[in-house]
Amino acid sequence: MAPGGTDKFSVLLPTYNERENLPLVVWLLARTFQESGNDFEIIIIDDGSPDGTQEIAEQLEKIYGSDKIVSLGEIISVLFSSGTAYIHGMKHATGNFIVIMDADLSHHVSLYFVLKQKEGNFDIVSGTRYKGNGGVYGWDLKRKLISRGANFITQVLLRPGASDLTGSFRLYRKEVLQKLMEKCVSKGYVFQMEMIVRARQLGYTIGEVPISFVDRVYGESKLGGNEIVSFLKGLLTLFATT
Amino acid sequence: IRFSRLFSPQAAMTKLGQWLCGLALLGSAWAALALASPGLRLPAPLREALLPLPVYLLVAFGCYSLATVGYRLATFNDCEEAAAELQEHISAARADLSRRGLCF
């Protein structure tokens, strides 16, 4: 528990070339938390972005104070992935809840995560694009079809008990995240899926919150072409090993 | 080694393991009934239906999958308001941050 017995939320933001989006995300997070009166901190884990993301992070640290913004600029590893960024970020996190989200404004900042967690005292609250009034913006039919198709296959094979497995907008209890990080070995999309599957196995409670995924406002997408193949390979690996 | 892992008390069965067990169970039941020697006297229509049953089930599952994915695709929400709201937030953020001294 954070000192004083109140909850503190540490938001982990792995970034690469997010100079345009980062200040906006931070501003939105700060405003949302401040308005709701929740204690928070934002941990920016930048992988040596060449576009000056780190410099912007340092400016934000001056504006908001270094108790609220923690800028980790060391180059973590050549193979930067969400997993290593989270591990690195968690070492510096002082909150008892950790929020994971994308720094590119695709995730619409929402207080519902906090509310949902309180409502059910969940270990994990997962954002879902597929239920309630969750959804997407800026996706063409092909992308939606692939998303729904992939999710269907995942549901049939893994029966995970959560509707959106590849989403990366989640709230975790700190101890839960630490335990899961030890156990998960995959990378990329599959890593996010593995977290939920392992969480289920370990008996953690998972709540869901509808989220809006708004396609890129600024910046380029980091998605490549081999995604579908690697997704299927990862899915089959999870199928055979969990 | 993997065989013993399936039955050790701590090991949970993998999803693959569950599927294989399920298929083995259903498969052997089907084989026993459908391919049985005449010693087991089942009514003829039942036996005729039993033989192609796996194919029927596969086709039925295929149809179910297409229908489900199609339905979910059609009802996939488009978040117009969220996108519009985001644009407003961006303007507000840029204005406020410039005021506070951020050099974009």
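Some values worked out for this structure:
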quantity: Residue within region B:53-65 that is more than 30 Å from A:Phe152 (Cα to Cα) and more than 15 Å from the chain's Cα centre (by Cα) present; calculated: no
quantity: Residue count, region B:54-104 (criterion: acidic (Asp, Glu), at the interface with chain A (Cβ under 10 Å from one of its Cβ atoms) and out of contact with any strand residue (DSSP E or B) (no Cβ under 8 Å at 6 or more places or on another chain)); calculated: 3
quantity: Qualifying positions in region A:109-119 - surrounded by 15 or more Cβ atoms within 10 Å (Cβ to Cβ) and more than 14 Å from every other protein chain (Cβ to nearest Cβ); calculated: A:Phe113, A:Val114, A:Lys116, A:Gln117
quantity: Checking B:Arg47 against (1) more than 10 Å from chain A (Cβ to nearest Cβ); (2) open to solvent by 50 Å² or more (accessible area, probe 1.4 Å); (3) at pLDDT 90 or above, the condition it does not meet; calculated: (3)
quantity: Residues located in region A:166-191, provided they are of a type outside the set (D, E, K, R) and either in a loop (DSSP other than H, G, I, E, B) or open to solvent by 10 Å² or more (accessible area, probe 1.4 Å) (or both); calculated: A:Thr166, A:Gly167, A:Ser168, A:Phe169, A:Gln178, A:Met181, A:Cys184, A:Val185, A:Ser186, A:Gly188, A:Tyr189, A:Val190
quantity: In region B:4-20, residue farthest from the other protein chains (Cβ to nearest Cβ) [restricted to those that are modelled with pLDDT of 70 or more and outside any helix (DSSP H, G or I)]; calculated: B:Met13
quantity: Subset of region B:64-84 [open to solvent by less than 80 Å² (accessible area, probe 1.4 Å) and in a helix (DSSP H, G or I)]; calculated: B:Ser65, B:Ala67, B:Thr68, B:Val69, B:Gly70, B:Arg72, B:Leu73, B:Ala82, B:Ala83, B:Ala84
quantity: All helices (runs of 4 or more DSSP H) inside region A:38-146 with 2 or more residues being of a type in the set (Val, Ile, Thr); calculated: A:53-64, A:82-91
quantity: Of all residues making up region A:45-61, the number that are over 20 Å from B:Ser98 (Cβ atoms) and open to solvent by less than 10 Å² (accessible area, probe 1.4 Å); calculated: 2
quantity: Residue list for region A:120-165, restricted to those being facing chain B (nearest Cβ under 8 Å), basic (Lys, Arg) and open to solvent by 30 Å² or more (accessible area, probe 1.4 Å); calculated: A:Arg159
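The values are calculated or read from the model by the stated rules, or taken from the named source; none is laboratory data. Note that this is a predicted model, so its numbers are computed, not measured. Please note: Cβ atoms are built from the backbone with ideal geometry, for glycine as well, and neighbour counts cover all protein chains shown. Keep in mind that these areas ignore ligands, DNA and RNA; they rest on the heavy atoms of the full protein, side chains included. Shrake-Rupley method; radii C 1.70, N 1.55, O 1.52, S 1.80 Å.
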